[in-house]
Amino acid sequence: QVQLVESGGGLVQAGGSLRLSCAVSGSIFRLKPMGWYRQAPGKQRELVATFTKDGSTNYADSVKGRITISRDNAKNTVDLQMNSLKPEDTAVYYCKGLAGLFAVWGQGTQVSVSS
């Protein structure tokens, strides 16, 4: 079974940093990690940062300047470096990938930021 596997979540104090990583498990045929979304309790899932199909990046306004998305094409991974974390960054972070026209989601990793 092909799936996306996230890692790197955890508990950190405000102002701290975390690095999330998303990798493909199973057959890598056509499944490409593209970006990160998050969902806080009681809220809708929202974009954090993503690569577009032409290779450019999109960031949520709330994370610009603090969070950087990067990719390793050889390893087929997408990472999210998160600095200057705030309590409002607390959420489950999900990796989203594309397999052709189909979207594939990871199981999510919890990020908790204490004040």
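The values are calculated or read from the model by the stated rules, or taken from the named source; none is laboratory data. Keep in mind the model is a prediction, meaning the values are calculated, not measured. Heads up, the Cβs are rebuilt from the backbone with ideal geometry, glycines too, and the neighbour counts pull from every protein chain shown. Remember, those area values only see protein heavy atoms, side chains included, never the ligands or the DNA or RNA. Shrake-Rupley method; radii C 1.70, N 1.55, O 1.52, S 1.80 Å.
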_To make sure I understand the rule: partners must be aspartates and glutamates, Cα under 16 Å from the Cα of LYS53, and not fewer than 8 residues away in the same chain. Which ones qualify?_
ASP72
_Could you tell me the relative contact order of the chain? Use alpha-carbon pairs under 8 Å, at least six residues apart, and round to a whole percent._
37
_Apportionment of accessible area to carbon and sulfur, the chain, percent (1.4 Å)_ = 50
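Packing-wise, with mean Cβ within 10 Å as the measure, how do 79-89, 58-68, 105-115 rank, highest first?
Values: 79-89: 17.7, 58-68: 14.3, 105-115: 16.1.
Top of the packing list down: 79-89, 105-115, 58-68.
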_So for each of 9-15, 39-45 I average, over its residues, the number of other beta carbons within 10 Å; can you give me the resulting order with the highest mean first?_
9-15, 39-45
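Ignoring ligands, DNA and RNA, what accessible area per residue does the chain give at 1.4 Å, in Å²?
Result: 56 Å² per residue.
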*Net charge near SER21: determine it from the other residues with C-beta under 9 Å of the C-beta of SER21, scoring Lys and Arg +1 and Asp and Glu -1.*
-1
